[in-house]
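Presented below is the structure to which this report refers.
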Amino acid sequence: MKKDIIIDGLNKTTYMKDDMDGKIAVKEEVNIDSHLKHNKRLLSFNDGYSKSRDLKRVASIPTLALSVWANEYNGSNNWFGLPADVQKKILKKKLNSIEFRYFKTAEGNI
């Protein structure tokens, strides 16, 4: 089995080729520790509103998580191919759960 590993910032992609049957597998990994650490700081920084209170910071989500959520929904990892109402439904469910609370950057429910 041959492996080719490409590291680009926080992303690590491993390409594996099985010489016996010629199949190729791709494994993607993202180190989101620094992302979560930054989100935790923002979560306790303030209420998330701009000075004018016109805008509110809500969440910062790694794109790989969006791909995983799309895959859970319809078997495709194309988050941006999902209808907007489906995206909103998934975001509301995930971001209001305890499991993904550190993707949020301000307190409150979505």
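The values are calculated or read from the model by the stated rules, or taken from the named source; none is laboratory data. Here the structure is a predicted model, which is why all the values come from computation and not from measurement. Virtual Cβ from ideal backbone geometry, glycine too; neighbours counted across all protein chains shown.
A few notes on this one:
- Lone unmet requirement of (1) surrounded by 10 or more Cβ atoms within 10 Å (Cβ to Cβ); (2) assigned to a strand (DSSP E or B) for residue 86: (2)
- Options 52, 60, 76: the member that is without any contact (Cβ under 8 Å) to a residue 24 or more places away in the chain and within 24 Å of residue 104 (Cα to Cα): 52
- Considering residues of segment 35-47 that are modelled with pLDDT under 90 and polar (S, T, N, Q) only, the residue surrounded by the most Cβ atoms within 10 Å (Cβ to Cβ): 46
- The set of residues in segment 1-53 that are part of a loop (DSSP other than H, G, I, E, B) and small (Gly, Ala, Ser) comprises 9, 22, 48, 50, 52.
- Residue count, segment 1-27 (criterion: loosely packed, with under 13 Cβ neighbours inside 10 Å and either in contact (Cβ under 8 Å) with a residue 40 or more places away in the chain or under 17 Å from the mean Cα position of the chain (by Cα) (or both)): 3
- All positions within segment 53-99 that are under 20 Å from residue 34 (Cα atoms) and of a type in the set (A, V, I, L, M): 58, 59, 61, 64, 65, 66, 68, 95, 98
- For the criterion of being touching a helix residue (DSSP H, G or I) at 6+ places or on another chain (Cβ under 9 Å), of a type in the set (A, V, I, L, M, F, W, C) and not assigned by TED's automatic domain parsing to the domain that holds residue 104, residue 10 passes.
- Of the criteria (1) modelled with pLDDT of 90 or more; (2) surrounded by 14 or more Cβ atoms within 10 Å (Cβ to Cβ), which one residue 64 fails: (1)
- Under the condition of being touching a residue at least 24 places away in the same chain (Cβ under 8 Å) and of a type in the set (Lys, Arg), the residues counted in segment 79-100 number 1.
- Enumeration of residues in segment 86-97 that are closer than 14 Å to residue 110 by Cα and not polar (S, T, N, Q): 88, 89, 90, 91, 92, 93, 94, 95
- The set of residues in segment 68-83 that are assigned to a helix (DSSP H, G or I) and either buried (at least 16 other Cβ atoms within 10 Å of the Cβ) or at positive phi (or both) comprises 69, 70, 79.
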